[in-house]
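These notes are about the structure you will find just below.
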Amino acid sequence: MNKFIQKFSNAVKNNKSYLCVGLDTDYNLIPFKTQNIYKSVLKFNRNIIDATKDLVCCYKINSAFYEAYGIDGIKALQKTVEIIKDVPVILDAKRSDIGNSAKFYAKFGFEIINADAMTVIPYMGIDTIDVFRNYKEKFVFIVAISSNPGAKDFQEFPSKKNPIYLKIMKKCKSTDKYKNTGYVVGATYPEKIRYLREKGFKETFLIPGIGAQKGDAEKSIKYAFMRKGTGIFNISRSIIYQADKKNYFESVRQKAKQYQMMLSVE
């Protein structure tokens, strides 16, 4: 079995959860930080992980929050992945380029950072996606329907009845020789989750947008598990940033627990 799928399945079984905590750590928002970016980010992440690791099915780390701080950020990213260990890590890097360049993006994510999965923008074509999918033991999430308001500007082109995201997903599905492909579908568009399940897409959906983006949790959860489908529900800001500074990481745990209970899908 694919290593990402195995780790994910074990985490779901052990933690009874489809919650993914997003470690999108903004140095400017970290409480109790020092001027040492590396140490501040790493300490914050370690505390978040300690508070939530028994409540999640995986962690998602947005590479941008670490790349912005240069070598200190990259070091913190690497070390954070090391700390997590037995729970799968999705590197949300949304890479896309021609094959010769894509192989270095894939090497960075899968070999240097050692992520279990990566997000990929599909618009450069299947040959570029396969650079990532050829890491047979890793997993790739194709961005199909993003959670932002402007998603419909291009992703529904040329029409809602014949959207480009559906064509992309069909092509990705038909070329998924190692069965290590999933899709990003935002909870801000829950009816599209239902639509895709009805179209026969049973693959794992990475579903952002519950929490700060106010996606529809009830519908997204219901539709994600239709027809033997599986969903990974990423929540970042609503969990890792809390107002209670006195009991900060206990507040993080309690918020994560609320979502874990919501996402304890049988």
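Structure data summary
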item	result
Residue in the stretch 179-189 that is in contact with a helix residue (DSSP H, G or I) (Cβ under 7 Å, 6 or more places away or on another chain), over 30 Å from SER251 (Cβ atoms), touching a residue at least 60 places away in the same chain (Cβ under 8 Å) and not aromatic (Phe, Trp, Tyr) present	yes
Residue match in the stretch 187-208 (condition: modelled with pLDDT under 90, assigned to a helix (DSSP H, G or I) and loosely packed, with under 13 Cβ neighbours inside 10 Å)	no
Inter-residue pairs, beta-carbon under 6 Å, first closer than 13 Å to ASP130 by Cα and part of a helix (DSSP H, G or I) and in the stretch 88-108, second at pLDDT 95 or above and among the polar types (S, T, N, Q), 6+ apart	GLY99/THR128; ALA102/THR128
Among (1) touching a residue at least 60 places away in the same chain (Cβ under 8 Å); (2) over 25 Å from THR181 (Cα atoms); (3) not β-branched (Val, Ile, Thr) - the single one ASN28 does not satisfy	(1)
Residues of the stretch 2-19 satisfying the condition of being in contact with a Phe, Trp or Tyr (Cβ under 8 Å, 6 or more places away or on another chain) and hydroxyl-bearing (Ser, Thr, Tyr)	TYR18
ASP116 within 18 Å of ILE5 (Cα to Cα), charged (D, E, K, R) and either modelled with pLDDT under 95 or surrounded by 14 or more Cβ atoms within 10 Å (Cβ to Cβ) (or both)	yes
Flag if SER159 is part of a loop (DSSP other than H, G, I, E, B), in contact with a Gly (Cβ under 9 Å, 6 or more places away or on another chain) and polar (S, T, N, Q)	no
Qualifying residue in the stretch 122-138 (condition: at pLDDT below 95, within 29 Å of LYS3 (Cβ to Cβ) and within 20 Å of the chain's Cα centre (by Cα))	yes
Sole exception among (1) more than 24 Å from ALA243 (Cα to Cα); (2) over 18 Å from the mean Cα position of the chain (by Cα); (3) among the polar types (S, T, N, Q) for ASN36, by number	(1)
LEU29 on the phi < 0 side of the Ramachandran plot, surrounded by 16 or more Cβ atoms within 10 Å (Cβ to Cβ) and in contact with a Phe, Trp or Tyr (Cβ under 8 Å, 6 or more places away or on another chain)	no
Checking MET261 against (1) crowded, with 17+ Cβ neighbours inside 10 Å; (2) under 22 Å from TYR59 (Cβ atoms); (3) of a type outside the set (S, T, N, Q); (4) without any contact (Cβ under 8 Å) to a residue 12 or more places away in the chain, the condition it does not meet	(1)
Some residue of the stretch 236-243 being of a type in the set (Gly, Ala, Ser), within 28 Å of PHE32 (Cβ to Cβ) and surrounded by 20 or more Cβ atoms within 10 Å (Cβ to Cβ)	yes
Breaking point among (1) farther than 24 Å from ALA187 by Cβ; (2) touching a Ser or Thr at 6+ places or on another chain (Cβ under 6 Å); (3) among the hydrophobic types (A, V, I, L, M, F, W, C), for PHE110	(2)
Residue count, the stretch 244-258 (criterion: part of a helix (DSSP H, G or I), polar (S, T, N, Q) and surrounded by fewer than 17 Cβ atoms within 10 Å (Cβ to Cβ))	2
In the stretch 2-25, residue surrounded by the most Cβ atoms within 10 Å (Cβ to Cβ) [restricted to those that are over 28 Å from TYR248 (Cα atoms) and in contact (Cβ under 8 Å) with a residue 24 or more places away in the chain]	PHE4
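The values are calculated or read from the model by the stated rules, or taken from the named source; none is laboratory data. The structure displayed is predicted, hence computed values, not measured ones. Cβ coordinates were reconstructed from backbone atoms using ideal geometry, including for glycine residues, and neighbour counts include every protein chain displayed.
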